[in-house]
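Everything on this sheet refers to the single structure shown next.
The values are calculated or read from the model by the stated rules, or taken from the named source; none is laboratory data. Just so we're clear, the structure is a prediction, and the values are computed from it rather than from any experiment. Neighbour counts run over all protein chains shown; Cβ positions are idealised from the backbone, glycine included. For the accessible areas, the whole protein counts, side chains as well, though only heavy atoms, and no ligand, DNA or RNA atoms are used. Shrake-Rupley method; radii C 1.70, N 1.55, O 1.52, S 1.80 Å.
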Amino acid sequence: MAHKLSNRVNRLSESATIAMAQKSRELKAKGLDIISLSLGEPDFYTPDFIKEAAHQAIDDNFSTYTPVPGYQDLREAAVKKFKRDNGLEYSPSQILFSTGAKQCINNAIMCLSDKGDEVVIPAPFWVTYEEIVKMANATPVIIETEIASDFKVTPQQLRDHLSENTKVLLFSSPCNPTGSVYSKEELADIAEVLKDYPDVIVVADEIYEHINFIGEHYSMANIEGMFDRTVTVNGVSKAFAMTGWRVGFMAGPQWIIDACNKMQGQVTSATCSIAQRAAKAALEADPVVIQHMTETFLRRRDMVLKELSKIEFFKLNEPEGAFYIFPDVSACFEMKYEGEKIENADNLCLLLLEKAQVALVTGGAFGAPNCIRFSYAAADDILIEACNRLVGFFSKLEA
Ligand code: PLP
């Protein structure tokens, strides 16, 4: 029997982050002392008050299907969160809860783009963006940015990549993988360019909103003229250490949320009822309860930046949010480690895994083939050991 899969799935790349995590698990199972810094998830436990809300929901028999966009009181909690944290005024009908922010982004792209349509994505970008666009049969239009602009897209770069086929601009702030945070002024500059393209919708991924070291998170939807053309995506995975609970949410113009609701209703229905009750507790809490996690990430960022700056081959930006360091490592391409040539970031990551036993992710997966991603969502001693191994590895490179 011919194993004929669809072109859709054949076009997709496997998630590089998940593949690297899998590879390091396999090597660990063989007894190797691998330090895995490849996945993007907090190393904290979900706070107790959230776990208690979930226990309570089980005891109270929240066990049936829920409305597709989520419980009404959960959507009301999201409305209050948007008002409290972002100064945005939505109605509950403009909110949709999904199985993670990932599904929200998928909903939005699937509902807004068709074959021949273009989705503009500044690189470096979160690995899944490009693949979702490919699944939608639309065309990803990648904008390369530079470390000199802190990996943020400039108005001119954006203008150069917009066309009459552009349907969506998709980006994250704080950004995975660069940690860059767009200021109010930078978002306003983007909005200014978009004035000439009034049909383009912005999908603003704000999942790292609370892991922000500069104190100010600004939402694209809050920029003048953007509310009616922005879909804001957020979730509890990162801020509340709830990656496994699978709860994300989106807010936006009614016509888009209605379409996403219709689509999600035919794909997964609502996300888990118990996880929704837990997410309600998270969203209603004062963000002060998660501040210690952000403070820890900031301390670790500084510690890791200090250690990694010892590596002469690394060009580093200073991330303002999220929990990643994204060095440009192109200076070591063509160098050799024990006779083996480093051709690119893919092969560097494999060598680092084999020789230094540290699992990182190649920047190629994020649209930045000169970089590698180091997640510092791990304990201090693990991070220090990983940095020592990297410093040791790079000190042995030869021309
Ligand atoms: N958006 C970005 C930028 C991410 O880094 C991630 C997870 O790594 C997600 C969305 C997905 O989040 P969730 O776990 O809510 O699906």
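Results, tabulated for the structure shown:
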{"quantity": "Residues (closer than 22 Å to Ile325 by Cβ, outside any loop (DSSP other than H, G, I, E, B) and touching a strand residue (DSSP E or B) at 6+ places or on another chain (Cβ under 9 Å)) located in segment 110-129", "calculated": "Ile121, Pro122, Ala123, Val127, Tyr129"}
{"quantity": "Lone qualifier among Leu88, Leu32 - being part of a loop (DSSP other than H, G, I, E, B) and either open to solvent by 30 Å² or more (accessible area, probe 1.4 Å) or within 16 Å of the ligand (Cβ to nearest atom) (or both)", "calculated": "Leu32"}
{"quantity": "1 or more residues among the charged types (D, E, K, R), crowded, with 16+ Cβ neighbours inside 10 Å and over 26 Å from the mean Cα position of the chain (by Cα): qualifying helices (runs of 4 or more DSSP H) within segment 286-399", "calculated": "380-395"}
{"quantity": "Scope segment 138-182; condition of a type in the set (Ser, Thr, Tyr) and part of a loop (DSSP other than H, G, I, E, B); matching residues", "calculated": "Thr145, Thr154, Ser163, Ser173, Thr178, Ser180, Tyr182"}
{"quantity": "Only listed residue being open to solvent by 20 Å² or more (accessible area, probe 1.4 Å) and in contact with a Gly (Cβ under 6 Å, 6 or more places away or on another chain), chosen from Val68, Val79", "calculated": "Val68"}
{"quantity": "Single unsatisfied condition, Gln157 versus (1) polar (S, T, N, Q); (2) touching a strand residue (DSSP E or B) at 6+ places or on another chain (Cβ under 7 Å); (3) more than 16 Å from the ligand (Cβ to nearest atom); (4) farther than 23 Å from Phe326 by Cβ", "calculated": "(4)"}
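Table: residues versus (1) crowded, with 24+ Cβ neighbours inside 10 Å; (2) more than 9 Å from the ligand (Cβ to nearest atom); (3) closer than 20 Å to Tyr208 by Cα; (4) polar (S, T, N, Q).
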{"position": "Ser93", "(1), (2), (3), (4)": "no, yes, no, yes"}
{"position": "Cys104", "(1), (2), (3), (4)": "yes, no, yes, no"}
{"position": "Cys111", "(1), (2), (3), (4)": "no, yes, no, no"}
{"position": "Lys115", "(1), (2), (3), (4)": "no, yes, no, no"}
{"position": "Val120", "(1), (2), (3), (4)": "yes, yes, no, no"}
{"position": "Ala123", "(1), (2), (3), (4)": "no, yes, yes, no"}
{"position": "Val127", "(1), (2), (3), (4)": "no, no, yes, no"}
